[in-house]
Amino acid sequence: MGHKKAGYVPALGWDFLTPLYDPLVRLTTREMSFKSRLLDEAGIDKAARILDVGCGTGTLLLLVRRRSKSLLAIGLDGDMNVLGIARSKAHRYVEEIALVQAFCFDIPFADGAFDRVLSSLMLHHLTRSEKVETLKEIFRVLRPGGELHVADWGRPHNLLMRALAFSVRLGDSFARTADNMKGLLPALFRDAGFEEVSETAQLATLFGTLSLYKARKPLSAAAQRHAGSSSTHSLTGV
C-alpha cells in the first residue's frame, strides 16, 4: 500500500521534514531514556509477540530486537517514507525487523495475535475518532491479559511544560493534540475496554511533558476461552 490516507499527518507534520525526525527526537525528548523505560515497564520475555503501532523510523523496534532476537516483533506504520528509513537503519545495524505498511485504525492482524502492543509518539497525530478506532483495533489484536504501553505527550505538569508544548500543538494541530494536553488518554483507554490503566511517568522535555502509560486487556473467563482458541489461529488470519 503506497498511498496515504487523506488527512494523514507525517511524523513532523510535513514529508520534507521526515529525514530530520531521528536527530530531532534524539536531541529533544530524552529518547533513549523514555524508550528504555517503556520497554522495562512492558516486561517483555523471549516468547512475547510484540506489535509496535506507529513504529516510525524503527528506533523502538530495534531496541526491542537488541533485548531479544528470539521474540516476534513487528512494526506497523502508514508512512512508506519512515518505513524506508527504518529498513535502512536495520540494514546499517545488521538487525532483522518485520515492517508492515498499514494504518493504525485498520490493523491487518488476527484477534489476540500479540502479547504486547507498544506505541511511541504516535497517538497525538490522530483525530479523536482515529484515536478511538486505533484503540479498538489495539484492544482486538491483544490477547486477553495482554498489555498496551504508550509513550506520548501528556498533560503539561507545570507552566514551563505548557509553554513548550505549544510547538507540538502548532505542528500537529490544536484539535488533534487536545486529548493529550487535557490528560484524556487514560479515559480513552478505559473506553476502549482496557483495565488497570495508569500513567506511570511524566518526563520533562523541550517539547513539553512526555507521559508513559500502561493498560491491560481484561482476562475474563470468556477471554480465557478466546485466548485458548485464538492461539491456534494464523497471525495474519481474520
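Numerical summary
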| read-out | value |
| --- | --- |
| Residue-count net charge about GLU137 - beta-carbon cut-off 13 Å; Lys, Arg +1, Asp, Glu -1 | 0 |
| The range 134-211: C-alpha gyration tensor shape, a/c 1.5 cut-off, then a/b vs b/c | prolate |
| Förster-model FRET efficiency, 25 Å R0, ALA47 and GLU196, C-beta, rounded to 0.05 | 0.70 |
| Fully extended contour minus Cα-Cα distance, from LEU184 to LEU160, at 0.36 nm per residue | 6.6 nm |
| Rough spin-label spacing in nm, given labels placed 7 Å along Cα→Cβ, for LEU27 and GLU95 | 2.2 nm |
| Taking LYS217, LYS35 and counting other C-beta atoms within 10 Å, the order from fewest to most | LYS35, LYS217 |
| Amide H contacts of CYS55 (H built 1.01 Å from N, under 5 Å, at least 5 apart or other chain) | LEU76, ASP77 |
| Proxy reagent accessibility, fewest Cβ within 10 Å first, across ASP77, ASP106, ASP111, ASP172 | ASP106, ASP111, ASP172, ASP77 |
| Partner aspartates and glutamates for LYS214 [C-alpha distance under 15 Å; skip if fewer than 8 residues away on the same chain] | ASP40, GLU41, ASP52, ASP115, GLU147, ASP152, ASP191, GLU195, GLU196, GLU199 |
| Likely footprinting exposure, ARG143, ARG30, fewest C-beta neighbours within 10 Å first | ARG30, ARG143 |
| Interchain or long-range residues, amide H under 5 Å from LEU219's placed H | GLY145 |
| Mean-position separation - Cα centroids, the range 192-210 and the range 71-99, in angstrom | 25 Å |
| Theoretical gain in end-to-end length, ARG67 to SER167 [0.36 nm per residue, Cα-Cα removed] | 32.6 nm |
| For LEU99, residues with placed amide H under 5 Å, excluding near neighbours | GLY75 |
| The range 15-230: C-alpha gyration tensor shape, a/c 1.5 cut-off, then a/b vs b/c | oblate |
| Order by protection proxy (mean Cβ within 10 Å, highest first), peptides 207-215, 66-74, 184-192 | 207-215, 184-192, 66-74 |
| Karplus-derived HN-Hα couplings along the range 90-99 (A = 6.51, B = -1.76, C = 1.60, θ = phi - 60°), whole Hz, x at Gly and Pro | 4, 5, 5, 8, 6, 10, 9, 10, 9, 10 |
| Test item: Cα-centred dipole of the range 15-230, Lys/Arg +1 and Asp/Glu -1 on Cβ, debye | 400 debye |
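No value in this document is a laboratory result; all are computed from the given coordinates. On a predicted model such as this, the values are computed, not experimentally measured, just so you know. No Cβ is skipped: glycine too gets one built from the backbone with ideal geometry, and neighbour counts run over all protein chains shown.
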